[in-house]
Amino acid sequence: MFHIRPIALVVGTMLTTLGLAMILPILLDLAADNHDWQAFFASAALTLFVGIALIFVGREPEGNGRTELNIRDAFLLTTASWVVMAVFAALPFILADIELNYTDAFFEAMSGLTTTGSTVISGLDRMPPGILMWRALLQWLGGIGIIVTAVAVLPMLQIGGMQLFRAESSDASEKLLPRAAQIATVIGSLYMLLSVVCALAYYLAGMTAFEAVAHAMTTIATGGFSTSDSSIAYFDSAAIDTIAIIFMIIG
């Protein structure tokens, strides 16, 4: 039998994080006077509502103690995390004025979260900033990996996270990470630091601040999404190419 409560709690926490991430595209579209901010606002509201609801549903009654996930729970949580995140991450693509049906929107969202890099969107050079940043954010969030998310979030929620790590890594050892939460925190901090340094390097090499941040997110995640149909070739810069190579290797 599956332990539904802890699974709902973790998925709800991830959805809440996803909903909060939509605030950045909202602000960018508002600053650009683009009405797509409404699409992100509606998507964020729905995502946050479902995420918070799942958190409340998944909370264990006081005094029940720690919940240990088994292998079946781990596989269900892994699958549910990817699918549910992509379902809600696709909402802005559907509601915005870029004429994507849900299949294409889901593909774009899943490609971003898994840092696959495939895209069904063309005309990126004319896209509003919110959509471009959302694509970059999806790859950046996905790039740090569900494993790090799990080992960081599950211990804080008093849920055993080692089974999920084993499900993702296919390693049968009993103690893969002796201090999982601490290691996840270090990885997350390094990921953030590298993203900032990469963005600064891109900016100094000639990108605008917006382009630098968006490309830094996708470079560190080794995802490949860009703000232009020509991708990094749009800039025609050896310095930018070199920065991309260095930070893709580091990332």
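The values are calculated or read from the model by the stated rules, or taken from the named source; none is laboratory data. Keep in mind that this is a model prediction, so the values were computed, not measured. Ideal geometry is used to build each Cβ from the backbone, glycine not excepted, and the neighbour counts take in all protein chains shown.
Just a few scattered comments:
- Among (1) within 19 Å of Val50 (Cβ to Cβ); (2) modelled with pLDDT under 95; (3) in contact with an Asp or Glu (Cβ under 9 Å, 6 or more places away or on another chain) - the single one Ala90 does not satisfy: (2)
- Scanning the range 118-135 for residues that are of a type in the set (A, V, I, L, M) and not in a helix (DSSP H, G or I), we see that the one that is nearest to Ala96 (Cα to Cα) is Met127.
- The number of residues in the range 178-226 being within 18 Å of Pro25 (Cα to Cα), buried (at least 17 other Cβ atoms within 10 Å of the Cβ) and without any contact (Cβ under 8 Å) to a residue 40 or more places away in the chain comes to 4.
- Matching entry among Thr149, Thr115 (being part of a loop (DSSP other than H, G, I, E, B), at pLDDT below 95 and polar (S, T, N, Q)): Thr115
- Residues being free of Cβ contacts under 8 Å to residues at least 60 places away in the same chain and touching a helix residue (DSSP H, G or I) at 6+ places or on another chain (Cβ under 8 Å) - total across the range 83-110: 17
- Scan the range 227-244 for residues that are part of a helix (DSSP H, G or I) and either in contact with a helix residue (DSSP H, G or I) (Cβ under 9 Å, 6 or more places away or on another chain) or not β-branched (Val, Ile, Thr) (or both) and the total you get is 11.
- The C-beta contact set for the range 119-145 (first residue basic (Lys, Arg), second residue crowded, with 22+ Cβ neighbours inside 10 Å, distance under 7 angstrom, 6+ apart or interchain) comprises Arg135/Gly112; Arg135/Phe225.
- Cβ-Cβ contacts under 7 Å between residues 6 or more apart (or on different chains), taken from a first residue in the range 28-57 that is surrounded by fewer than 15 Cβ atoms within 10 Å (Cβ to Cβ) to a second residue that is assigned to a helix (DSSP H, G or I) and among the hydrophobic types (A, V, I, L, M, F, W, C), are listed as Ala42/Leu95; Val57/Ala8.
- Count - residues of the range 200-226 that are polar (S, T, N, Q), outside any helix (DSSP H, G or I) and within 14 Å of Ala136 (Cα to Cα): 2
- Single unsatisfied condition, Lys175 versus (1) of a type outside the set (Ser, Thr, Tyr); (2) surrounded by 16 or more Cβ atoms within 10 Å (Cβ to Cβ); (3) modelled with pLDDT under 70; (4) outside any helix (DSSP H, G or I): (2)
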